[in-house]
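All of the numbers you see were taken from the coordinates with simple rules; none came from a lab. Since the structure is predicted, the reported quantities are computational estimates derived from the model, not experimental observations. Cβ: placed from backbone, ideal geometry, glycine included. Neighbour counts: every protein chain shown.
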């Protein structure tokens with residue numbers, strides 16, 4: 001399964017590239033599919049490419065939900081390991 005996630009465009013660079021902030025992780029991506037993108041906008045990113053521009057409200061809500069899912073998964077994983085420690 002593949003996952004595309006919202007990222008905030010921080011800076012446009014040459015050769016259809018941009019620097020984005022993906023919830024604290026800065027990456028360089030390609031913007032070939034969204035040449036009209038501007039700094040300050042959000043884009044949906046999938047394997048290094050911006051696929052589409054996303055409005056800020058939808059981007060923030062998606063990021064909040066992803067944080068919630070990952071936090072819940074990490075908490076459940078830690079609880080499972082605590083209940084069933086591996087024999088060392």
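Using only the alpha-carbon atoms of the range 5-83, report the extent along each of the three principal axes, biggest first, to the nearest angstrom.
52, 23, 17
Taking the Cβ-Cβ separation of residue 71 and residue 19 as r and a Förster radius of 30 Å, what is the calculated FRET efficiency to the nearest 0.05?
The value I calculate is 0.70.
Could you work out how far apart the two model spin labels at residue 46 and residue 61 are, taking each label as a point 7 Å from the Cα in the direction of the beta carbon, and quote it in nm?
Roughly 2.0 nm, to one decimal.
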